[in-house]
1. What residue, among those in region B:38-78 that are out of contact with any Pro (no Cβ under 7 Å at 6 or more places or on another chain) and among the aromatic types (F, W, Y), is surrounded by the fewest Cβ atoms within 10 Å (Cβ to Cβ)?
2. Would you mind finding the one in B:S171, B:S154, B:S177 that is at positive phi and among the hydroxyl-bearing types (S, T, Y)?
3. Considering only residues that are in a helix (DSSP H, G or I), of a type outside the set (D, E, K, R) and within 14 Å of chain A (Cβ to nearest Cβ), look in region B:11-37 and name the one that is least open to solvent (accessible area, probe 1.4 Å).
4. Which residue pairs have Cβ atoms under 9 Å apart, sit 6 or more places apart or on different chains, and have a first residue in region A:133-152 that is within 14 Å of chain B (Cβ to nearest Cβ) and free of Cβ contacts under 8 Å to residues at least 12 places away in the same chain and a second that is part of a strand (DSSP E or B) and open to solvent by 70 Å² or more (accessible area, probe 1.4 Å)?
5. Scan A:A80, A:A107 and give me the residue that is under 23 Å from A:G25 (Cβ atoms) and touching a His at 6+ places or on another chain (Cβ under 6 Å).
6. Are there any pairs with C-beta distances below 6 angstrom linking a residue in region A:98-117 that is within 14 Å of chain B (Cβ to nearest Cβ) and surrounded by fewer than 20 Cβ atoms within 10 Å (Cβ to Cβ) to a residue that is of a type in the set (V, I, T) and not in a loop (DSSP other than H, G, I, E, B), with the two at least 6 apart or on different chains, and if so which?
7. Looking only at region B:260-288, how many residues end up being farther than 13 Å from B:L248 by Cβ, among the hydrophobic types (A, V, I, L, M, F, W, C) and not in a loop (DSSP other than H, G, I, E, B)?
8. Let me spell it out: the conditions are (1) in a strand (DSSP E or B); (2) β-branched (V, I, T); (3) buried (at least 17 other Cβ atoms within 10 Å of the Cβ), and B:T136 meets all of them except one. Which number is the exception?
Amino acid sequence: MMQKKLQVEAIQHGSVIDHIPAQQGVKILKFFKFTQTNEKITIGLNLSTHNGKSKDLIKVENTFISDEQANQLALFAPNATINQIKDFKVVNKFPVQLPSSFIGVLACPNSNCISHNEPVKTRFYVNNKTTLKLKCHYCEKSFQRSFFTELD
Amino acid sequence: MNNPLYQKNIISIADLSRTDLELILQTAHSLKQKPQPELLKNKVVASCFFEASTRTRLSFETAVQRLGGSVIGFDSGGNTSLAQKGETLADSVKVIASYADAFFMRHPQEGAARLASEFTEIPVINGGDGANQHPTQTLLDLFTIYETQDTLDSLNIAFVGDLKYGRTVHSLAQALSLFNCNFFFIAPDALAMPDYILEELTDKGINYSVHASIEEVVDSLDILYMTRVQKERFDETEYQHIKSAFLLNAQMLTNVRDNLKVLHPLPRIDEIHNNVDDTPHAYYFQQAQNGVYARQALLALLLTNQFQVEV
């Protein structure tokens, strides 16, 4: 019998974020500040998949991804899945859900938007789920996801 | 009967329903026929121009005074201590709004009016936020079209000139799409209507077509909405070459419909020849005057719950 070899070491307890597009894994680590935790983190970059494309994968020990984090993941990896692991077993598995809006996570690409200078959280509405086009609550301009940078 | 706009903000034309728009137009019509010089007695309205705009400011402040209210404010941000001391807009709004019953504002940055409305309980009226919205201009345009055509439904409307950067034409086209009008867009290629507006119109099932000159369509129009092609967007030779297609003179109006009205947000430079002024189709100066009635209508509806429209 052929034995499959795991590309990334299994974890005992925590979360696995799978099906992250290649190149996005490091951005997710930084965005969720996983690099600042003392928990054990295992990452796989440019892993091969059965359809020939590359993917990234993140495993975080003793951490469960919140619903809000799961929504925010959609900015980087709209087709990712989150696996919750207990005692090396998957106890829950769910896909990332694109929320209807993103609050306080992105900067408006319009440099003349009032949100840059004022004490408010940015807010963007998802205009088009397929192309991930977001519309600013303040300046009302719409941009593709690739035009946005994340706030610190 | 309570009115649905009482104490509401007027930030973006897209926030208003067809019913809201019709109520505002009927109110403007009523106030034009029957002035209400006492309606805003004892009301104070803030008129805050963080960016200068003479026509909009005079029109708005006239509207307040014609309804018996009084105005506080400033005519350009540079003249105030707010800008010099680096106060946030949020703080300025909190303070000024605490003195007034409504807050009318013009600001050079997009989103300023929406933000202001989140820092006060009194109604905020957007008098222009950067390149974004200028809903009171749209309302006066709609009122003028309604006044001259007796309807807003199914009209043939051409927009001419700078359709790319002109927020006036974007907002007006969006508002008129609630009334199933047919649009004709006439602009130099470099200043064509942006794709996102065309996509919106397509999604709403609105008929539109693009044309190279005014003469192609003028005889079938109800409204010819002219805007200025800014010379500085072209080099001199190119400008001389293209401008003739986007200029209007009286001879071009020989065979048009009797009800055709020519509108323009003003100021005009040379895109409407002076000889058009003497034709029965010129309506741009009445349109500018209607700005006072449209703004009166908003003030009446936002500040008086029981205001009765007399048609």
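1. B:F74
2. Selected residue: B:S154, the only one of B:S171, B:S154, B:S177 that is at positive phi and among the hydroxyl-bearing types (S, T, Y).
3. B:I13
4. A:K135/A:Y125; A:K135/A:N127
5. A:A80
6. Cβ pairs passing all conditions: A:A107/A:T149.
7. Selection size over region B:260-288: 2.
8. (1)
The values are calculated or read from the model by the stated rules, or taken from the named source; none is laboratory data. Bear in mind the structure is a predicted one, so any value in this text is a computation, not a measurement. Quick reminder, even Gly has a Cβ in these numbers, built from the backbone with ideal geometry, and neighbours come from all protein chains shown. To get the accessible areas, we keep the full protein, side chains included, count just its heavy atoms, and leave off ligands, DNA and RNA. Shrake-Rupley method; radii C 1.70, N 1.55, O 1.52, S 1.80 Å.
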